[in-house]
Amino acid sequence: MLEQFKGFIGYSKEEFQELWDKAIFVVDTNVLINFYKYTSKESTKSLFDILKKLKENDRLWIPHQVALEYFFNYESDMNKQTEGYNSLGEELTKLQNNAVKIFSTVKSQYPYILTDKFQFFIDNLKTSNKELQDGLKKEIEQLPDANETQKDILELLDGIIGEAYPQQRIKEIQDEGKDRYQHNVPPGFKDKDDNNKKNYRTYGGIRYQQLYGDLLVWNQMIDKSKNEDNPTPIIFITEEKKADWWEKEGQNIKRPHPHLIQEFFNQTGENFYMYRTDNFVKFAKEYLNAEVTDEQVEHVKQDVENIRQSEEKVELENKELTKIVDLRKKSIFDHSKPNDWRGGIGLEKTTPTELMGDIDVDSLLKYLTPEEREEFTEKVGQAFDISLNPSSSNTMYNRAVSWALKASVSALEKKVRELTTYMALKNYSKAQKSNEKLALLPDHPVERAQILLNHINELQNEIDFMDLPF
């Protein structure tokens, strides 16, 4: 009778030991992607060694959906650590260059003052810059090699990836997901308001809405457990943190969501549990006798915590920016009180075009670096200062969006090249037509970025349609 409440009761020490002794271990996409974000080779090696040992014992398995999401996402994260150190070096080197320019400008404008006495400032910057470059080089050399990491992941995945669902099964899960999400049934319901997750992805003859990616992984784990010769418990290793996977107390994770444990048991007759990376390594040392030291466990914990804090910071900035932009857009097009800008912001002298109200800021954010997003957030926040009059506020908002468009040009051009290459593999003539549209792109970076951003959406829609399974 109590088996009906497994999600709430939890497991005894003996049941945990049996779970670890018998379970198949499943690794989530975010755990695989994080391999490229570790700054410690010890962390990379420790986790790889445990997973490789599990694979040798036929106890590691990767759902097809996890692998597919990994291949869609890993390239953008492969060189993040090196790029970060290089960016730090480039930005700080500018201090020295700017100081030289300042001395030259002052000397030219005020030839009657002596600046040589202050040359020590530039000399000190040169010395510091040399130390900086040496330090950065050392840090980069100590980073895990991204290409080696990619090779290790491919070897780890080889032979243990599950089969893809047929399109009809995907449709059934998505149809079921609409009802589950409406009633906040885990997993995945926290994504229902994420506009970025409403896009579709197509590959290998299947098409799915990203909104239901977690639900696809969940069903594949259940089916894996049921389809074994003997139903098998599963331990899921994930960096997911949302309340559609975990029961939480405030912001702290308490335990896996009780509904998941109960649903898994009802469907398979077996137990299910989840760990985040650092806890998995810690308990692998206890339950699997994994050959990791306490120091290595601590390395993993520190690296993972640094990654989490960094991602939470970016996530918070994006949420705040989205709120600001949404409020800004609302105020821009609210003409209900044209003579009272505090009550409804009267903009009778300004057209929506002048305010760049048609720019999809959510899409644009994806093509900015974390540093650029942070700067953009600050610029938009300044534009939204209540002390400004409507005209000044609108001008500053336009400038912020223009700045973001200009900053994103290179990333937008790269994305267009990727999509056009993929399209050429499917339909060469359509790819040619796409290139023809871009042949006369304006040189002005803001106008260029606007056209590229719109063209990316057109290309993606065209590719999605081409990949439909019919």
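The values are calculated or read from the model by the stated rules, or taken from the named source; none is laboratory data. The model shown is predicted, which means the values in this text are computed figures rather than measured ones. All Cβ positions, even for glycine, are placed from backbone atoms using ideal geometry, and neighbour counts span all protein chains on display. Areas reflect the complete protein model, heavy atoms only, side chains present, ligands, DNA and RNA absent. Shrake-Rupley method; radii C 1.70, N 1.55, O 1.52, S 1.80 Å.
Listing for the model above:
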| item | result |
| --- | --- |
| Any pair with Cβ under 6 angstrom, 6 or more apart, that starts in the range 428-448 at a residue that is closer than 15 Å to residue 460 by Cα and ends at one that is surrounded by 10 or more Cβ atoms within 10 Å (Cβ to Cβ) and of a type in the set (A, V, I, L, M, F, W, C) | 430/423; 431/423; 431/424 |
| Strands (runs of 3 or more DSSP E) lying entirely in the range 243-303 (those with 2 or more residues that are open to solvent by 30 Å² or more (accessible area, probe 1.4 Å)) | 246-249, 252-256 |
| Qualifying residue in the range 113-122 (condition: under 26 Å from residue 372 (Cα atoms) and open to solvent by 80 Å² or more (accessible area, probe 1.4 Å)) | no |
| Residue within the range 43-50 that is of a type outside the set (S, T, N, Q), farther than 17 Å from residue 154 by Cα and open to solvent by 50 Å² or more (accessible area, probe 1.4 Å) present | no |
| Counted residues, the range 124-162 - those being open to solvent by less than 30 Å² (accessible area, probe 1.4 Å) and either assigned to a loop (DSSP other than H, G, I, E, B) or among the β-branched types (Val, Ile, Thr) (or both) | 6 |
| Residues satisfying the stated conditions in the range 182-209, i.e. part of a helix (DSSP H, G or I) and touching a residue at least 24 places away in the same chain (Cβ under 8 Å) | 189, 190, 191, 195, 196 |
| Unmet criterion (only one of (1) open to solvent by 30 Å² or more (accessible area, probe 1.4 Å); (2) closer than 16 Å to residue 373 by Cβ) for residue 428 | (2) |
| Test result for residue 297, within 23 Å of the chain's Cα centre (by Cα), aliphatic (A, V, I, L, M) and more than 21 Å from residue 234 (Cβ to Cβ) | no |
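Listed here are the residues, each with its yes/no results for (1) assigned to a helix (DSSP H, G or I); (2) farther than 25 Å from residue 298 by Cβ.
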residue: 21; (1), (2): yes, yes
residue: 36; (1), (2): no, no
residue: 53; (1), (2): yes, no
residue: 74; (1), (2): yes, yes
